[in-house]
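Trainee: After the structure tokens below, expect a handful of questions from me.
The numbers here are math on the coordinates, done by the rules we state, and not lab data. None of these values were measured; they are calculated from a predicted model. Neighbour counts run over all protein chains shown; Cβ positions are idealised from the backbone, glycine included.
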């Protein structure tokens, strides 16, 4: 009982069904039942077994221990109907071992307590065995929905002694899922009243076994009806089974008819349901033993299902759905009816597998398939698992009278859901097709087809071609006047809905014999041949039209270069010659008839070229579409070749014959190459370009790829180096408009005549010198990006005047397709965009070809002029006109800005991008000057289109801001700072700090550059020195080099927000260092000593009277001199004189030893010879607090090195 508070009442009933009033109520509160201490076994776990006898409300569990106490429960829909508790297991002395029987409602067993359950299909019988007061095992089985009828006589035995009698028993067997129980789990038995059957000499007949048991194949739409049949019975056995008097005069009561559900695992024997129909099988409490009244039978049908809908879900599929019914116990399932006839039963499933007491759920939908054509009215009825009732005065009589009928109260039908199913079922295939030939007539016969609605006709085919339609009433047809030959005849059937069966198979073969034939077929017309699947293929498809013959053409002969290569059976009019090596082939065809007569003449041969596509290894064919020029390399030197170009529409252009040069290079429409004959083709993507060796006929070819490149443009300028970033855009797509693999694409910038500073070569490549990537994962547009280090490279790439003042034409922008296998280097397409790139006839000596027409052309208006415009302002818009001066429509992809300063110009109204321009028509683009920086600003307005014979479609845009005074700076002045040398393991790599100072006017920032070399006469290019933008001084560490020094020069310029002034250049000078070991001007007592960290690894020192001339040389610039010494606790005083002038005292005291220190420096030494002398004073520093009474007495002076800028 679910947790809660309940009020219980009791009434009394008599055998006539009269009931008293209910007693006063008594309240009871229940709580949640504790989880079982042991699991529930369904089916029972060995050795426990449970047999349910629903006809007698009797259960027979067994297999318990002698010490067990067993409670037995009947549970329905989760509720306990009745129980028998405290049952002591019993032994059947007729069997060996202890049986552990605890039967209820059976002689010798226990009784149901309170009420005898009206045991029925779906009821669960559970046993709980206690041992020592503790639950030992819980087991249960579900009473199966199996029923059986009484025996019916199919055939009495013929005589008293014959054994030819037949009886049948019918019944049902259905699982909780509504489906028939597998026959392996069901058995039917006939149990004779007291004696044995003649058939088996036993009391029991079993099916399967003594008889057969099968599910009925007719009258059984829901599948659960079965029939058990016993044959070979004597007359006594017939009546022993059915009851009555046999031919021997014996009278029999009739056998008990049983059907057994053998459990989920029949071989285990752990659970059974035995349904019995026969003498003495009364329901209710067993007479004379038990008195608990029978449970009131369930006569209440489930509620009527509502809301039934039918939806067509497929050609012949219908989905039903309805609202669930309710029942006083539970709905066990539904029955689906079509036009009032049951067609399906739907069961349910338990919420917990293996527990028939868990929630039982029945679906409220059903899918019908293969619905027959016609009108359907579907209804649904709900059913429960109640026992069937019959007539009677008491409940026991009613239940007893109903035994043998199927379980379940049936609800009223639901609302009807109508569906009209169209006829979608094909007739069956006609069978037994046969033919008979008489002269030129063929008689075809067949057996009739069937159809769910009706066959309306047949169709007869000869070799798959319809020859006749025949009425449904006929099953034959005669095909008259058939030409000689062998034919296959087939037949199909159709119905009124035009559903047509498959044709009969295999075809029935008929051979019509021809009369003698001596007339040859005609010449084959319409011969043509070409590469298959297209011009790139190594197969050749030869095609022709049908020849004629007095009787009929039976085939064709195909000839390649005069030799027959194939015979083709008529009616085929083509032949595929496959896997041909490269070469030129001539094809022709003749016809033959069945008598062997061949055409007297053949059509003129058709020539087909099979080319190596791509070219063979070592060969390379390059197409230059912008110049209609082909170059082939790697071929045999000094050998004649010809070129061809084939448009996708098949239009072909040929060249004159020209010999390759000594390197194996051969070209067309290029100096030294062949001429195009008659017309120069307008080379474009998709064209096939071919090179052929006339002597061998071997050709090689590639296809012009759809790659384009636009003009380069500057996207960023490096304020330090003056270089910056250059971008180029373009496209690369295959014939389907998809991206070409990026590994097959390369972008190049070709400088006009000189080399790029970036790599010292005329060419920049991306990838390589720059990067190349598609703009998105699906875009066919790509971007190449280069970072250059000098302003000249910026202008050299995009064209215009560099900030250095040098003017450049600008590099040619190229897009290269490197072939399908780039590493093979055997095919390329090079698209060129730049000044001087012109297509059409190259004007070679002796060439008379003209440009292909029709073709689009392009002509541009003059460069626009802009008024001087201030930064942040925008000039008036100027128009640039693009005119199609060609003879075919011009398609313009885009108009775009390129060059040095594209960001200083703005496109306005653009009628060009995406336009198709008719011949003679024009489009315009408006451009305004909107400077972001001062000075002259340069760019191009360029066009990307399909104009023939030129890609040089760019108009120069040049404008300037109003001239303003440029900021100025003074030349940088150097100074040797008082700091520490950085001494390196390689002495020449040691550095010294040098201070640089300058001033300026009108500047918001400064730029500093340095040049260096082995000496002032071999300085390299200036490179940027990073400084804070507003600084007017900085310190740089300069490499001192070897004894000959290092050359340096510095320059600085001032800049404001919009412009930079001229560079102010300092003097070229040499930085020279002299180690103490290289200084020769020592006088007095000097001691050489190794000192870690000193320049050169050692010093010379003196503590008494001594001098050292550390500098004695000529200066070619206003120079500098410095003395490098050591500071320390025992260092004293010295004085320094320049050219014998006023001495300057230097204090070398420090609390720690500090080697390689610049302790004295003199700047701005005039040009000329100078001498610097150091004198040791022999005195300690006044800053030294020590006594200094021993050793050097704190007067030591070191000479480490001298450094000069001269």
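Trainee: Report the Cα centroid-to-centroid distance between segment 390-437 and segment 511-574 in angstrom, as an integer.
Mentor: Taking the Cα centre of each part, segment 390-437 and segment 511-574 sit 64 Å apart.
Trainee: Which value in nm describes the separation of the simple spin-label points at residue 677 and residue 1190, placed 7 Å from the Cα toward the beta carbon?
Mentor: Each label point lies 7 Å from its Cα, and together they span 11.2 nm.
Trainee: While we're here: Based only on Cα atoms, what Rg/Rh ratio does segment 528-608 have, Rh being taken as Kirkwood's radius?
Mentor: My calculation puts Rg/Rh at 0.99.
Trainee: Okay, moving on. Which order do the peptides 744-757, 349-362 take when ranked by the mean count of other beta-carbon atoms within 10 Å per residue, highest first?
Mentor: 744-757, 349-362
Trainee: Quick one: grab the alpha carbon gyration tensor of segment 34-142, order the square roots of its eigenvalues as a ≥ b ≥ c, and give me rounded if a/c is under 1.5, else prolate or oblate depending on whether a/b is larger than b/c.
Mentor: Oblate, because a/c is 1.5 or more while a/b does not exceed b/c.
Trainee: Quote to one decimal, in nm, the extra length available between residue 12 and residue 93 on full extension: 0.36 nm per residue of separation minus the C-alpha distance between them.
Mentor: 25.1 nm
Trainee: Go ahead and run the numbers for FRET between residue 539 and residue 657, Cβ-Cβ distance against an R0 of 25 Å, rounding to 0.05.
Mentor: 0.30
Trainee: Continuing with this model, one more query. Where a ≥ b ≥ c are the square roots of the eigenvalues of the C-alpha gyration tensor, would you call segment 506-556 rounded, which needs a/c under 1.5, or, failing that, prolate if a/b is larger than b/c, or oblate?
Mentor: oblate
Trainee: Let me ask something additional. Find the relative contact order for the chain and round it to a whole percent, using C-alpha pairs within less than 8 Å whose residues are 6+ positions apart.
Mentor: Taking the mean separation of contacting Cα pairs over the length of the chain, I get 5 percent.
Trainee: If I take every Cα pair under 8 Å that is 6 or more residues apart in segment 706-818, average their sequence separation and divide by the length, what percent do I get for the relative contact order?
Mentor: The value is 33 percent.
Trainee: Among 319-330, 1181-1192, 486-497, how do they line up by average Cβ neighbours within 10 Å per residue, starting with the highest?
Mentor: Top of the packing list down: 486-497, 319-330, 1181-1192.
Trainee: Continuing with the same structure: Only helical DSSP H runs with n ≥ 4 go in: add -39500 (n - 2.57) per run for the chain, normalise by residue count and round the 222 nm mean residue ellipticity to 500 deg cm²/dmol.
Mentor: Taking each H run of at least 4 residues, the total per residue is -500 deg cm²/dmol.
Trainee: Then there's this: As an exercise, use a Förster radius of 60 Å and the Cβ-Cβ distance of residue 469 and residue 162 to find the FRET efficiency, rounded to the nearest 0.05.
Mentor: 0.55
Trainee: As a test of the definition: which semi-axes, in Å, follow for segment 396-445 when you take the square root of five times each eigenvalue of its alpha carbon gyration tensor? Largest first, please.
Mentor: 60, 22, 5
Trainee: Now for a different question. Could you grab the relative contact order for segment 1072-1205? Cα pairs under 8 Å, six or more apart, rounded to a whole percent.
Mentor: 37
Trainee: Let me ask something additional. Test of understanding: what is the full-extension gain from residue 1150 to residue 980, defined as 0.36 nm times their sequence separation minus their Cα-Cα distance?
Mentor: The span from residue 1150 to residue 980 would gain 59.8 nm if fully extended.
Trainee: Arrange the peptides 92-103, 258-269, 286-297, 122-133 so that the one whose residues have, on average, the most other Cβ atoms within 10 Å appears first.
Mentor: Highest-to-lowest ranking by the protection proxy: 122-133, 258-269, 286-297, 92-103.
Trainee: Given R₀ = 22 Å, what would the calculated FRET efficiency be for residue 229 paired with residue 150, taking r from the Cβ atoms and rounding to 0.05?
Mentor: Plugging the Cβ-Cβ distance into 1/(1 + (r/R0)^6) gives 0.90.
Trainee: Work out, step by step, the length gained on full extension between residue 202 and residue 1083: first 0.36 nm times the residue separation, then minus their alpha carbon distance; give nm to one decimal.
Mentor: 302.4 nm
Trainee: If you take the square roots of the eigenvalues of the alpha-carbon gyration tensor of the chain and sort them as a ≥ b ≥ c, do you get rounded (a/c under 1.5), prolate (a/b over b/c) or oblate?
Mentor: oblate
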